[in-house]
Amino acid sequence: MRAALVLFMSLSMVLVFCRAEDNPKEARKMEFTGKLATGIFAAGGETTGTILRAEKSTYELDFGKQKELRKKAESLNGKNVTVTGTLNIRKGVEVAERRIISVTALKEAVDK
């Protein structure tokens, strides 16, 4: 009986933790504009390999399994782009705080 109770409590805590991590109120699509750089390497492999240098910050770009977006990024390397996606903040080892955008759209920025 005690073992079943401990197992139930452990599973409940895991479920609560997972739900807190997947809070849709915190995840909003946003647009970011800056200079795109691909082929980036970092100590310990702590990078997605593609970054966006915006006016006030630098962001890593995560394309997930979207091969077309990744190819598009390579063709736009060194250009100003606008990225649409969800910003995630993750703790890093070499870098204390990693700002990673989960990319849903990518286009060359229009100069004004």
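The values are calculated or read from the model by the stated rules, or taken from the named source; none is laboratory data. All values derive from a computational prediction rather than experimental measurement. Every residue, glycine among them, receives a Cβ derived from its backbone with ideal geometry; neighbour counts consider all protein chains shown.
Data overview
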| read-out | value |
| --- | --- |
| Elements of type strands (runs of 3 or more DSSP E) in region 27-112, at least 2 residues being free of Cβ contacts under 8 Å to residues at least 40 places away in the same chain | 50-53, 80-91, 97-108 |
| Of residues in region 86-106 being surrounded by 15 or more Cβ atoms within 10 Å (Cβ to Cβ) and among the hydrophobic types (A, V, I, L, M, F, W, C), the one farthest from GLY34 (Cα to Cα) | VAL95 |
| Output for region 60-72, where each listed residue is among the acidic types (Asp, Glu) and surrounded by fewer than 14 Cβ atoms within 10 Å (Cβ to Cβ) | GLU68 |
| Failed criterion for VAL83 (all others in (1) more than 19 Å from LYS35 (Cα to Cα); (2) of a type in the set (A, V, I, L, M, F, W, C); (3) at pLDDT 95 or above hold) | (1) |
| Residue match in region 73-83 (condition: over 12 Å from the mean Cα position of the chain (by Cα), farther than 16 Å from GLU46 by Cβ, surrounded by 11 or more Cβ atoms within 10 Å (Cβ to Cβ) and acidic (Asp, Glu)) | yes |
| All positions within region 42-59 that are surrounded by 10 or more Cβ atoms within 10 Å (Cβ to Cβ), charged (D, E, K, R) and over 16 Å from ASN77 (Cα atoms) | GLU46 |
